[in-house]
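Structure first, then comments.
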There are 2 protein chains.
Amino acid sequence: MVPEGKLLSVLMLVISCVGFGQTGKLLVLPMDGSHWIGVKALAEEMAQRGHDVVVVIPEVSILLGPSKNCTTKAFSVPYTKDLIENMMNNDLMILNNEQTFLETTIFLLNAISNYNNILKVTGESLFYNQELMSYLRGKQFDALLTDPAWPIGPILGEHLEVPSVYMLRGLPCGLDFKVTACPAPPSFVPRIFTHYSDRMTFPQRTINILVSLVEPLLCKFVCSILDELATRFLQREVTIAEIFKNASVWLTRLDYTFEYPRPLMPNMVMIGGIHCAVRNALPQELETFVNKSGDHGFVVFTLGSMVSQIPEEKAQLFLEAFRQIPQRVLWRYTGPTPANLPQNVKLMKWLPQNDLLGHPKARAFMTHGGTHGLYEGICNGVPMVMMPLFGDQGDNVQRMVTRGVGEVLNIHYTTSEEVVWALNKVINDTSYKEKIQKLSAIHKDRPIEPLDLAVHWTEFVMRHKGAEHLRPAAHNLNWFQYHSLDVIGLLLSVVAIVIAATVKSCTFCFRKCCRRKTQKKKKE
Amino acid sequence: MVPEGKLLSVLMLVISCVGFGQTGKLLVLPMDGSHWIGVKALAEEMAQRGHDVVVVIPEVSILLGPSKNCTTKAFSVPYTKDLIENMMNNDLMILNNEQTFLETTIFLLNAISNYNNILKVTGESLFYNQELMSYLRGKQFDALLTDPAWPIGPILGEHLEVPSVYMLRGLPCGLDFKVTACPAPPSFVPRIFTHYSDRMTFPQRTINILVSLVEPLLCKFVCSILDELATRFLQREVTIAEIFKNASVWLTRLDYTFEYPRPLMPNMVMIGGIHCAVRNALPQELETFVNKSGDHGFVVFTLGSMVSQIPEEKAQLFLEAFRQIPQRVLWRYTGPTPANLPQNVKLMKWLPQNDLLGHPKARAFMTHGGTHGLYEGICNGVPMVMMPLFGDQGDNVQRMVTRGVGEVLNIHYTTSEEVVWALNKVINDTSYKEKIQKLSAIHKDRPIEPLDLAVHWTEFVMRHKGAEHLRPAAHNLNWFQYHSLDVIGLLLSVVAIVIAATVKSCTFCFRKCCRRKTQKKKKE
């Protein structure tokens, strides 16, 4: 018999140091750019709830910076902000009509190479910063919140032996499906960069399967530099995919008003639209500007944090379009003010995008199709004109088009007339507004807010030192076993042997019979 | 430009008649037996929240009856309670050691046949009850809550054209995977009745695949009588599987403290342990009995609602065991009181099981391994001695054994000594209590209570007339397309043609070369 006192202590042990209502220590290693938005919202909420949150960032970055109530630890890196800004300015290139396919390919390969180099150098700057590393080791964190698209976090988590919570939109080459052991039947789960919907024709399904067959090879190519970094720092042979498999919970920026319905694994938690809840009043100047737009309302225009400035010629094209519409336009634009700026256009270096889209006079949202922006569009029920630039944006905008809540333009070849046509269409054809309002109502009709859900699962991982009960047994199988290819091979062999034996026996019997008959005939 | 007033009306239209905070009309068609527990909890909670809930039940049943704040509509059936009770008494048979394999098989086939006949007769009694049907048609319900294991509900839902919410544990022969288009890789998702865990050996994986290959045939056999009923009543050629595919939301009695981690589809909502929250104080008499058990505490013993009475010989075996333990025992037992009832045993026709297991002096739970009972064991953190009888119970208890929270006995061949051994083991070996407490802590550490989750999704379906955004495109594919067999066939053909062409060309070239050389040699 177990005395009740002992049972109580067992229970206390289980709930461990981060019990219900108690607070713990969370390490945050975010990625720069728009990826920071969701992580920041969660980190600040965790700090708000009394947890000791330490955010580790490089001294040089585009958007990263201190966050409310968190301790920020910046580490020095051997590059300057100019270098990143120069890299960013290359983005201008992709808005240039004159590029050939070869030039675009070279540009993309260059971009990946630059990204990987920055990643490697930043990782080395952190991992070999003895003072900071010894501080981090000493803190004995309960969990790590990070972004697998910036794999320095996962490698650090592995080194500190801290259970990890990942926040992400998705990983290239289907790596997120692979490392979570999540089935993604290519018959209705379109692969990244294909721009397909979940309703594919036979040729599309064929290409989708071919892409899913090529993905593992691409993964090997993309991850090799990271595998080397992880192996060197952790001082054991390890791949980045193996590290990713150890993540306790994956907070994915999905929602079925955006993503097509597909299977998910138990440790994948959908938090699409996590940042929409973060709202502030508009600054007085902006409030006045949008209120003066009258019944026509206003348009919000931004191409995301990665592209702030566009070629003069392209800018003139948009201005020419805006001159022809009755709406006012708020444009996130950091370049020099173009000549002949129309009266109805206001350029701003930074836009409170979500707050503007939440304004009742917001009529349309011109966006490049990043997930954060699209969720803000859905959340606030504003129809969209989308101009995808790179990465997953082509896929993202396709999802919105299939739902009839926006129009897509090709930013490389669009004209003023086309921009005017698209804006007039999404603003004046009520079906766009009706559909996005319906999508918005569904998106917001959920049992729990995504931010609260993210907080719950982060605290869960802190309380229980991981989420072992959500880990599928599939992680103990290799890909051959996972797809039951060994069993199928055995069964096919058995069938083949049985067929062969049957045929052999029948042939043998048949020959025997024939021989007897022939002999009989001969005798006769 | 759309005027704001119009937009508001569009929004109101979207939220439709069951807006946030508004109430609607819910039709409930429950299944008898333990399946009623979860459905009843949800129906009563919906009524409590102000919805107009109508529960339709046959006049004759075992457990079904009026539920708080709901309107109950009973329809007459051409059988008596005696018939069902006689069928139930057959359960005694399966506790008899003397049965041969043939007898058991005949018994099971008989049970399925009886079940299907009762189902058919009950369906006919409802569908051709003109008065009740015209009442149900007139009510214009917003949604139907039902149990697919009792397919009268889904057929009625199809007739009334009402979006459906299903509550279930699982369906035989993998039908639930099939109709939800949910991947269930046989390499780590054990099939029903195999009693395998998610970590299978190669031979187990082979059998698991074979079972999954046979399942569709079994489905055809089990469903044929239901297909006939549905086709006759709906007056169009339809199968029960096609009807199931239309369900908006599947409330599954799963939880990963019980089930092994596996993929789920977006419209599958986990509500395992939904009924544990329903709690009442113990009646005074019971409270006194269990409090007098001292430090030793007490054991709860029940074989579920389907088996209330067991053979005298078997009863004596248990009593002999209970005589040897220091704990008091509460036993749900409806037969005549056996001779020599030990002082520490109390027989009761009905037990407040969940309330008893929640008592701090509960030391062990002897159960047949039904899901409701197991969730109550997990929820209250009480180690278990399990004796599976039939159905999914063999699989259920296996899940508990792999987690080290209980022991399994074979009820057909167990002895008093074994029962004493098992009880002493789970009570005195602290590892069982530690593990079930840990499981309990994880089970209860969730972002939202399962009952609230079930209410949310039922209300969601009422508000939005279904949950179309969660419906996977896989429903538009046949099984051949779903598994991409057409594309794989094409690709293999292309590969075969390329190989054949290459071999042919090589052979041709080789021959040409050889011939030239031979001719040359001949000339020489």
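Please enumerate, by chain and number, the lysines with C-alpha under 18 Å from the C-alpha of A:Lys444, excluding those fewer than 8 residues away in the same chain.
The reachable lysines, counting only those whose Cα sits under 18 Å from A:Lys444, are A:Lys433, A:Lys435, B:Lys465.
Can you list which of the chymotrypsin sites (Phe, Trp or Tyr not before Pro) found in the stretch A:321-408 are DSSP loop residues with at most 11 other C-beta atoms within 10 Å?
Sparse-neighbourhood loop chymotrypsin sites (Phe, Trp or Tyr not before Pro): A:Trp350.
Just the projected area, averaged over all directions, of the convex hull on the alpha carbon atoms of the stretch B:143-241: how many nm²?
Seen from a random direction, the Cα hull of the stretch B:143-241 projects 6.6 nm² on average.
Probe radius 1.4 Å, ligands and nucleic acids ignored: give me the carbon and sulfur share of the accessible area of the stretch B:284-444 as a rounded percent.
50
Report the normalised scattering of the stretch B:437-513 as log10 I(q)/I(0) at q = 0.13, 0.15, 0.18 Å⁻¹, calculated by the Debye formula with identical scatterers on the alpha carbons.
At q = 0.13, 0.15, 0.18 Å⁻¹ the computed log10 ratios are -0.74, -0.82, -0.90.
Per the Kirkwood definition applied to all pairs of different Cα atoms, how many angstroms is the hydrodynamic radius of the stretch B:371-507?
Values: mean 1/r = 0.0490 Å⁻¹.
Over the stretch B:371-507, the inverse of the mean reciprocal pair distance is 20.4 Å.
Taking H placed 1.01 Å from N in the peptide plane, check which residues at least 5 places from B:Met384 or on another chain put their amide H under 5 Å from its amide H.
Those lying under 5 Å, H to H, from B:Met384 are B:Phe365, B:Gly406, B:Glu407.
What is the magnitude of the charge dipole of the protein assembly as shown about its Cα centre, with +1 placed on the Cβ of each Lys and Arg, -1 on the Cβ of each Asp and Glu, and no other charges, expressed in debye to the nearest 20?
Details: 104 positive and 96 negative charges, 950 e Å.
Dipole of the protein assembly as shown, to the nearest 20 debye: 4560 debye.
Take the alpha carbon atoms of the protein assembly as shown, find their radius of gyration, then divide it by 2.2 N^0.38 Å using N residues; give the quotient.
The protein assembly as shown yields a ratio of 1.07.
Near A:Lys73, within a Cβ-to-Cβ distance under 12 Å, what is the net charge of the other residues, with Lys and Arg +1 and Asp and Glu -1?
-1
If I fit a long axis through the Cα atoms of helix A:35-48 and take the longest principal axis of the Cα atoms of chain A, what angle between them do I get, 0 to 90°, rounded to 10?
80
So, in Å, what gap is there between the alpha-carbon centers of the stretch B:393-428 and the stretch B:212-227?
33
Return the tail of the calculated pair distribution for the stretch B:234-292, meaning the percent of Cα-Cα pairs more than 17 Å apart.
64
Under a Cβ-Cβ cut-off of 9 Å, what is the net charge of the residues other than B:Val179 that fall near it, where Lys and Arg count +1 and Asp and Glu count -1?
0
In whole Å, what are the Cα extents of the stretch A:204-306 along the three principal axes, biggest one first?
The Cα atoms of the stretch A:204-306 stretch 62, 40, 28 Å along the principal axes, largest first.
Just to check, using Stokes-Einstein with a Kirkwood Rh over alpha carbon pairs, what's the diffusion coefficient of the stretch A:439-482 at 10 °C and 1.306 mPa s in µm²/s?
119
Can you give me the angle between helix A:485-523 and the longest principal axis of chain A, using Cα atoms only, in degrees from 0 to 90, rounded to the nearest 10?
With both axes taken from Cα atoms, the answer is about 30 degrees.
Using DSSP to define loop residues, name the trypsin sites (Lys or Arg not before Pro) in the stretch A:455-520 whose beta-carbon has at most 15 other beta-carbon atoms within 10 Å.
A:Lys465
Pop the C-beta distance of B:Trp350 and A:Arg279 into the FRET formula with R0 = 41 Å and round what comes out to the nearest 0.05.
Working: r = 53 Å, r/R0 = 1.30.
It comes out at approximately 0.15.
Assume the label is 7 Å from Cα along Cα to beta carbon: what separations in nm does A:Asp429 have to the matching positions in the other copies?
6.9
Using Cα atoms only, what is the angle between the long axis of helix A:101-127 and the major principal axis of chain A, expressed in degrees (0 to 90) to the nearest 10?
On a 0 to 90 degree scale, this one is about 90.
Just to confirm the numbers: A:Thr334, label point 7 angstrom along the Cα-Cβ line, distances to the other copies in nm, shortest first?
7.5
May I ask you to list the lysines whose Cα is less than 19 Å away from that of B:Lys346, ignoring any residue fewer than eight positions away on the same chain?
The qualifying lysines are B:Lys292, B:Lys314, B:Lys361.
Taking a label point 7 Å from Cα toward Cβ, how far is A:Ile488 from its twins in the other copies, in nm, shortest first?
Label-point distances to the other copies, shortest first: 0.3 nm.
What percent of all Cα-Cα pairs in the stretch A:125-178 falls into each 10 Å bin, going from 0 up to the bin containing the maximum distance?
So the P(r) values, bin by bin, are 23, 49, 22, 6.
Can you report the principal axis dimensions of the stretch B:273-354 using only the alpha carbons, biggest first, rounded to whole angstrom?
In descending order, the Cα extents are 37, 32, 20 Å.
Between Rg and the Kirkwood Rh of chain B, both from Cα atoms, what is the Rg to Rh ratio?
We get a ratio of 1.09 for chain B.
Which lysines, on any chain, are close to B:Lys40 with Cα under 19 Å apart, when same-chain ones fewer than 8 places away are left out?
Within the straight-line limit of under 19 Å, B:Lys40 reaches these lysines: B:Lys25, B:Lys68, B:Lys73.
Rounded to a whole number, what is D in µm²/s for the stretch A:171-218 from Stokes-Einstein with the Kirkwood radius over alpha-carbon pairs (20 °C, 1.002 mPa s)?
Answer from the Stokes-Einstein relation: 198 µm²/s.
If I take every Cα pair under 8 Å that is 6 or more residues apart in chain A, average their sequence separation and divide by the length, what percent do I get for the relative contact order? Spell out each step's value before the answer.
Working: 758 pairs, mean separation 78.2, N = 524.
This gives 15 percent for chain A.
Please work out the Cα convex hull volume for the stretch B:284-444 and give it in Å³ per residue.
Numbers: hull volume 16.9 nm³, N = 161.
Here the figure is 105 Å³ per residue.
Can you list which of the GluC sites (Glu not before Pro) found in the stretch B:229-309 are DSSP loop residues with at most 10 other C-beta atoms within 10 Å?
Taking the stretch B:229-309 and a limit of 10 other Cβ atoms within 10 Å, the loop GluC sites (Glu not before Pro) found are B:Glu237.
The values are calculated or read from the model by the stated rules, or taken from the named source; none is laboratory data. Note that this is a predicted model, so its numbers are computed, not measured. Here Cβ is always computed from backbone atoms with ideal geometry, including for glycine, and neighbour counts include all displayed protein chains. Just so you know, the surface numbers come from the protein's heavy atoms only, side chains and all, with ligands and any DNA or RNA stripped out. Shrake-Rupley method; radii C 1.70, N 1.55, O 1.52, S 1.80 Å.
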